[in-house]
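Report on the structure given below.
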Amino acid sequence: MPETEMTGNIFYLARRETNVGTKAATQAEKVTAEALLVERVCGGDSAAFGELYRIFAPLVHGIILARVPRGEVEDLVQEVFLSAYKNAASLRDRNAVGAWLVMIARRRAVEFYRQAKPTEEISEDLSSNTGDNTQTEAREILAAIRALPETYCETLVLRLVEGMTGQEIAERTGLKPESVRVNLHRGMKLLREKLGIEE
């Protein structure tokens, strides 16, 4: 290899390493508002925890609703946030608080079924008005969503039940916006098929 070409390559690699180092430094300096809230929670700030709850409760609610009976969701959401409060200091990447809460919610839903004692469920028709078709339809749709693969189920519950936008789902779960868009599109297609709705 000629010396001039080798020298050019060295300068190119040196510039590239400098740019990579600058990128890494910029990303390390980039701290989200949620990460700052986690820092405050670790310092004992209960108002910061309340704000964290307000931001992420719909996310956690949707993740759990996608997995467990409706009557159990509220208690499990509280358990997830109690666990998060107790273990906030263990969160390594403060910017990933949404993904961390999703992980805790998924684990808590799994634990719910491990600990569940066999019971006989009372028909939901007994607890509602017999003429209320809207609630019956909502239950059927939720059951159809829960029957979908987990990836689509979670995303659809967050979008359709919790009312989160695709961008919010991506930001709070740590998924890429493109992945959320694909999951919503494919999930809706499967849901329409399950419900017998033609496009």
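Values for this structure:
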quantity: The range 93-138 - residue that is at pLDDT below 75 and charged (D, E, K, R) and, of those, farthest from GLU79 (Cα to Cα); calculated: ASP132
quantity: Boolean, GLU199 is over 20 Å from LEU101 (Cβ atoms), surrounded by fewer than 21 Cβ atoms within 10 Å (Cβ to Cβ) and modelled with pLDDT under 90; calculated: yes
quantity: Residue tally, condition within 15 Å of the chain's Cα centre (by Cα) and over 14 Å from ALA66 (Cβ atoms), over the range 140-177; calculated: 12
quantity: Residues satisfying the stated conditions in the range 30-74, i.e. over 30 Å from ALA116 (Cβ atoms), at pLDDT 90 or above and basic (Lys, Arg); calculated: ARG40
quantity: Subset tally (residues that are among the β-branched types (Val, Ile, Thr) and closer than 20 Å to GLU74 by Cα) for the range 170-199; calculated: 1
quantity: Failed criterion for PRO69 (all others in (1) touching an Asp or Glu at 6+ places or on another chain (Cβ under 9 Å); (2) closer than 23 Å to GLU150 by Cβ; (3) surrounded by 15 or more Cβ atoms within 10 Å (Cβ to Cβ); (4) free of Cβ contacts under 8 Å to residues at least 60 places away in the same chain hold); calculated: (3)
quantity: Test: residue in the range 134-146 that is over 16 Å from MET188 (Cα atoms) and either in contact with a Leu (Cβ under 9 Å, 6 or more places away or on another chain) or not polar (S, T, N, Q) (or both); calculated: yes
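The values are calculated or read from the model by the stated rules, or taken from the named source; none is laboratory data. For clarity, every value in this text was computed on a predicted model and none was experimentally measured. Quick reminder, even Gly has a Cβ in these numbers, built from the backbone with ideal geometry, and neighbours come from all protein chains shown.
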